Each structure stands twice: as C-alpha cells, then as structure tokens.
Amino acid sequence: MAAKLVFLVGVMGLGGYVYHKASNYDPNVFAYSKSQVEDMLVTARTTIPRRDGDGKIQIWGTGRSAKGVSLAMQYSSTAPVLSCEAVITEIDPKQSRVVPDCGHQAGGDSAIGRTQDQLRVPMFEEHILATLNKRDFDRSRAQQKETAVVLGNMGGMQREALKRSDETQRMIAESKP
C-alpha cells in the first residue's frame, strides 16, 4: 500500500512538473545571445514558390536596427517590398526572445485595416522561427495563422461592409431626382 502511494505521489509530481514546463513554454525564446540572433537573421534568406505557381516569394534580413533586425519580403519581382522588424530582447547572455513587429499602417483603425496589418506578420514570424530553429520554412504554419487572423476579424469586417453598403444605398437614393 505504501509503495503504491509513493508511486502515485511520484507520478503526480512528475506530471505537475511537465505541466508547469509546458505551460511556461514560449516558442519565441531561443538559446542564442542577442548578437548571435542578429547575425543569423541578417544573413538569412527564405525563398519559397508562390501558391499560384508563378514566381517566388523572398524574405530576407536588410540589416541591424535599433530594436533588432529589419526584415523585408517581396511576393514577386514586380510587387512592392514589405518591411517588418524582428524585435530582439535579451533575456540573459545566452537567451533571447524574438518577435516580429510589422507596425501599424494607415487605415488600421478599421477591421479591414487591422486585418491587413495582421496578415503581414505570419510570413515574417515563420521566417524568424525557421531561421532560429534551423529548419525549413513551413508555409502551412503561416497559412494557419493567416486564417486565424481573417476569422478573428470577420465579424468586424462584415459590420463595416454592411455600414458602407447602407451609406452607398443612401447616397444613391439621395442623388436620384
């Protein structure tokens, strides 16, 4: 009986430890110094095929910045270059936290604007994670996050679309003689 009790307490203790470690896990913390992270991100370049099969998407580091590393992305050779910043926070000399900060663009006060702002983050975030975890870029991870962004903002975008539709109908009705 006592052996079973000791075994049960041990299993519960181990389970509690594993739960505690898992609940405090931060995928944005890496076992690299700030300068190592900067070096890795500045030299990293991701090139993936476009989903429509025509051309390629490129993501690369453009250099160090005040917050960490500046990143750039281009969906095709004729598309504009999008920018984002990998903000690097030193936790201790051999550990850093890295998160993308793609800023706030004009028109971000609406649900549609917020969605556009948030849709820039997943590709940059996956580039950072793939580079620092030394693995291939996983487009499906970025797509899952993009889908979550759109679904999370869907209600607000629908309300804005209905409001604009009502305003347009009102303007049309007022302009008729």
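Laboratory data are not the source of any read-out in this text; all were calculated from the coordinates shown. As the structure is a computational prediction, the values presented were derived from the model and not from experiment. No Cβ is skipped: glycine too gets one built from the backbone with ideal geometry, and neighbour counts run over all protein chains shown.
The table for this structure:
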{"read-out": "Flag for Ala142 being of a type in the set (A, V, I, L, M, F, W, C), at negative phi, more than 11 Å from the chain's Cα centre (by Cα) and in a helix (DSSP H, G or I)", "value": "no"}
{"read-out": "Identity of the residue in region 57-82, touching a residue at least 12 places away in the same chain (Cβ under 8 Å) and more than 14 Å from Arg45 (Cα to Cα), that ends up surrounded by the most Cβ atoms within 10 Å (Cβ to Cβ)", "value": "Gly68"}
{"read-out": "Cβ-Cβ under 6 Å pairs, at least 6 apart or on other chains, region 151-172 side in contact (Cβ under 8 Å) with a residue 12 or more places away in the chain, far side not in a helix (DSSP H, G or I)", "value": "Glu160/Ser110"}
{"read-out": "Residues being of a type in the set (A, V, I, L, M, F, W, C), within 22 Å of Ala66 (Cα to Cα) and in contact (Cβ under 8 Å) with a residue 40 or more places away in the chain - total across region 83-122", "value": "6"}
{"read-out": "Matching residues in region 123-143 - criterion: being under 13 Å from Leu71 (Cβ atoms) and either polar (S, T, N, Q) or buried (at least 21 other Cβ atoms within 10 Å of the Cβ) (or both)", "value": "Met123, Phe124, Glu125, Glu126, His127, Ile128, Thr131, Leu132"}
{"read-out": "Entirely in region 58-102, the strands (runs of 3 or more DSSP E) that have 2 or more residues that are over 15 Å from Leu129 (Cα atoms) and of a type outside the set (Val, Ile, Thr)", "value": "68-74, 82-92"}
